Amino acid sequence: MGEQPIYSARAHVFQIDPATKRNWLPASKHAVTVSFFYDASRSVYRIISVGGTKAIINSTITPNMTFTKTSQKFGQWADSRANTVYGLGFSTEQQLQQFAEQFKEVKEAARLAREKSQERFELANPALNIAAPEELSEDRHSPPLLTVNGPGEEKLFRSKSAEVELTVEKERVKKMLSEGSMCEINLEAELFTLQDSNAKLVEALQEANSSVEQWKKQLAEYQEETDRLRDQVAELEAQLGRPAAIQTGREELSRSLEELEALLSAKDKEIHSLQSKKTDVSELEKEREEAMQRLQDLERRNNELEDQVQSAEKTLASSCEEREQAEGEVRRVIEVLDVKICDLRDLKQSLAKLIDK
């Protein structure tokens, strides 16, 4: 049965400089996935992180390990097998706290697994019950420290030797940790965090610049549409002989166009201002939302102008229809008058004949 992932988090990975034992060396350019794994076949817990094609963390958790939080977003632990100290930089304090709690739980599980393994080992080998659990080798692949069939003096000697080696190893790790200046570690961790924030800020600024180009195109399209509407209104005014209602609509449209041009000018100034300065991500997001709101207002105003043009067209069509109806009535009246005039002429001729007789 293979290893199963227990918990995963995203963090920047660092390792202590083996030369100076004082500085952190970044093991990853960006935040990577750091996962707790459990190997059921060996009852072993490990922390593994892969960057690209290589493993940048492969640390077996033992009961004597301790995860230390050195700042609000940075934590570390020492691995004597790997002969290094690992550091993790998180984006939030909550993520660091969750990782520390998971480390504590896994450490306790590793301790229980070691005790159970030790009990089974002692039951299977009664001659080894004089050795404490800490005196057993942490690596199951390494040779045992004690011999099963050797004399008692040899077993006691090797047990003490293993204890001395373990004590020396602990002292060496403590010394390595003490030599590393906590202040410098925290400063370097904060530096990498700031560099990551700066990279995010530059990326956000680039996205904002690309969005500005799109906004420029949209504004140009709105301006072209406004010019087209202005030409349509001028044609309608020419056809209607500039009636008062259309003249009022034109004045409103002119004012709207002036407001639109003022907004366009203000937007160009904002674009230049945005390109000339670098603000943080929240300010950029706020300005982008304000610009989107202005664009929506412009679009809504454009729709209102289109509605006004459509209303003017309907008014023109209605006026034309009324004028045609009036002209039809006038023609009918003229036809009736012509008929009556003809009747009067006939009557006049009839009267003239009667007078002659």
So, S273, is that one at pLDDT below 85, within 30 Å of R230 (Cβ to Cβ), open to solvent by less than 90 Å² (accessible area, probe 1.4 Å) and of a type in the set (S, T, N, Q) or not? yes
Across the range 55-87, what is the total count of residues that are in a strand (DSSP E or B) and either farther than 19 Å from P5 by Cβ or in contact with a helix residue (DSSP H, G or I) (Cβ under 9 Å, 6 or more places away or on another chain) (or both)? 12
How many residues, within the range 27-66, are open to solvent by 70 Å² or more (accessible area, probe 1.4 Å) and farther than 27 Å from K116 by Cα? 6
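Residue-wise test of (1) free of Cβ contacts under 8 Å to residues at least 24 places away in the same chain; (2) touching a Leu at 6+ places or on another chain (Cβ under 9 Å); (3) not in a helix (DSSP H, G or I).
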| site | (1), (2), (3) |
| --- | --- |
| I271 | no, no, no |
| L305 | no, yes, no |
| Q310 | yes, no, no |
| K340 | yes, no, no |
Whether any residue in the range 72-93 is under 34 Å from the mean Cα position of the chain (by Cα), open to solvent by 70 Å² or more (accessible area, probe 1.4 Å) and free of Cβ contacts under 8 Å to residues at least 24 places away in the same chain is what I want to check. yes
Selection within the range 7-20 - open to solvent by 80 Å² or more (accessible area, probe 1.4 Å) and in contact (Cβ under 8 Å) with a residue 40 or more places away in the chain: R10, P18
Going residue by residue through the range 15-36, is there one that turns out to be closer than 19 Å to Q102 by Cβ, assigned to a loop (DSSP other than H, G, I, E, B) and at pLDDT below 90? no
Filter the range 312-330 down to residues that are without any contact (Cβ under 8 Å) to a residue 12 or more places away in the chain and closer than 19 Å to A238 by Cα and give me whichever is surrounded by the most Cβ atoms within 10 Å (Cβ to Cβ). C320
So for the range 240-251 (the condition being in contact with a Leu (Cβ under 9 Å, 6 or more places away or on another chain), open to solvent by less than 80 Å² (accessible area, probe 1.4 Å), part of a helix (DSSP H, G or I) and modelled with pLDDT of 75 or more), does at least one residue qualify? no
Cross-chain or 6+ apart pairs with Cβ under 7 Å, the range 235-246 first and aliphatic (A, V, I, L, M), then at pLDDT below 60 and surrounded by 11 or more Cβ atoms within 10 Å (Cβ to Cβ): L236/I246; L240/I246
Give me a count of the residues in the range 51-71 that are aliphatic (A, V, I, L, M) and under 30 Å from the mean Cα position of the chain (by Cα). 3
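The values are calculated or read from the model by the stated rules, or taken from the named source; none is laboratory data. In this text the structure is predicted, and so the values were computed from the model without any measurement. No Cβ is skipped: glycine too gets one built from the backbone with ideal geometry, and neighbour counts run over all protein chains shown. When the accessible area is computed, the model is the full protein with side chains, heavy atoms only, and any ligands, DNA or RNA have been set aside. Shrake-Rupley method; radii C 1.70, N 1.55, O 1.52, S 1.80 Å.
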